[in-house]
Amino acid sequence: MYKINIVDSTPLAMLTVGQFREVLAPYMVAAGTGQSKERRFEYGLRGIAKTFDCSIPTALRLKNSGKIDAAISQIGRKIVIDADLALELAGMKANGEASAELKTEKRGVRK
């Protein structure tokens, strides 16, 4: 086979797979070096209740409180929650335990 000089005017169809990889190499992120953790989404008030292990009325109060607004996208009646971000915003610890503030809110004690 013959070698093709790769210049800006070379058509992509004329490149071999190896040459194409060579061209794209500076722009590609190696597998496993990027963020491998996928975002976890929940939907609706049930999704909030499931994420925080609480009742639906408590989930509605939490949503309306504004504490997790950055984790919620709502269009009309459709609610989508980034569960990991919501837990972080609400003060959940990494081991799954709620902060003291969230525990009192779950019990219905208001400040």
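Data for the structure
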read-out	value
Relative packing of peptides 6-16, 60-70, 78-88 - highest average C-beta neighbours within 10 Å first	78-88, 60-70, 6-16
Protection proxy ranking of 53-59, 21-27 - average other beta-carbon atoms within 10 Å, highest first	53-59, 21-27
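Every read-out reported here was derived from the displayed coordinates using simple, explicitly stated rules and does not represent laboratory data. Owing to the predicted nature of the structure, the values given are computational and were not obtained by experimental measurement. All Cβ positions, even for glycine, are placed from backbone atoms using ideal geometry, and neighbour counts span all protein chains on display.
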